[in-house]
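A short write-up of the structure that comes next.
The values are calculated or read from the model by the stated rules, or taken from the named source; none is laboratory data. The structure presented is a predicted model; accordingly, all values stated were derived computationally and were not measured. Please note: Cβ atoms are built from the backbone with ideal geometry, for glycine as well, and neighbour counts cover all protein chains shown. Keep in mind that these areas ignore ligands, DNA and RNA; they rest on the heavy atoms of the full protein, side chains included. Shrake-Rupley method; radii C 1.70, N 1.55, O 1.52, S 1.80 Å.
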Amino acid sequence: MLISGEGEKAGPSPMSVYALRLGPGEEILSSLVKLVEEKELKAPFVITCVGSVSKATLRLANATASNTNEIIHLNEKFEIVSLVGTLNKDAHLHISLADRDGKTVGGHVVGDLEVFTTAEIVVGEGSDLHFTREMDERTGFPELVISSRSELA
């Protein structure tokens with residue numbers, strides 16, 4: 001049931017869990033999108049991820065709808081410290097990466113998350129939920145819309 005209030009809310013919902021391990025050279029974002037499509041997941045999200053990447057393309061926090069060009073391209077080895085987000089049709093993922101000195105950088109995943117050694121990813125799905133995105137005039141971005149699957153039937 002969709003609960004109105006300050007933001008989009010629904011639940012509680014049972015959860016299904018999927019796990020995958022990616023190897024050197026595989027791209028994380030496209031692999032997650034493929035999993036979502038193959039399993040026909042309706043409300044998927046990243047539970048956890050550990051591993052490393054050799055490159056990444058991120059949008060920084062100061063980007064706006066009218067200026068989304070605050071993009072950085074990283075081409076060195078990083079440990080994945082955190083990967084979180086929703087994986088519906090237009091995935092919304094944020095990542096934190098640590099370099100060889102332990103310094104971190106993070107942002108909105110644009111793509112090019114190329115695995116260096118491994119990426120062990122656990123994905124959950126709210127079995128009674130459905131995620132979509134709609135343009136939000138307040139932010140200028142397509143934002144998450146949460147529905148109960150029973151409402152859609």
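Helix 28-39 and the long axis of the chain differ in direction by around 30°, with both axes built from C-alpha atoms.
Taking the Cα centre of the stretch 24-153 as the origin, how large is its charge dipole in debye, to the nearest 20, when only Lys and Arg (+1) and Asp and Glu (-1) carry charge on their Cβ atoms? Show your work: numbers first, answer last.
On the way: 12 positive and 21 negative charges, 26 e Å.
Result for the stretch 24-153 is approximately 120 debye, rounded to the nearest 20.
Of the solvent-accessible surface of the chain, computed with a 1.4 Å probe over protein heavy atoms with every protein chain present, carbon and sulfur atoms account for 50 percent. Taking the convex hull of the alpha carbon positions in the chain and averaging its projected area over all directions gives 9.7 nm². The residues of the chain expose, per residue, 58 Å² of accessible area to a 1.4 Å probe.
The alpha-carbon of Lys34 sits under 25 angstrom from the alpha-carbons of these lysines, leaving out residues fewer than 8 places away in its chain: Lys42, Lys55, Lys77, Lys89. Farthest toward the positive end of the dipole of the chain, out of Gly85, Thr117, Ser96, is the Cα of Thr117, where the dipole comes from beta carbon charges about the Cα centre.
For the stretch 95-153, the residue among Thr132, Ser148, Val105 whose Cα projects farthest onto the positive side of the dipole built from Cβ charges is Val105.
So what is the calculated 222 nm ellipticity per residue for the chain, using -39500 (n - 2.57) for each DSSP H run with n of 4 or more, over all residues, to the nearest 500 deg cm²/dmol? Walk me through the intermediate numbers first.
Working: 2 runs with 16 residues, N = 153.
Theoretical 222 nm ellipticity from helices: -3000 deg cm²/dmol.
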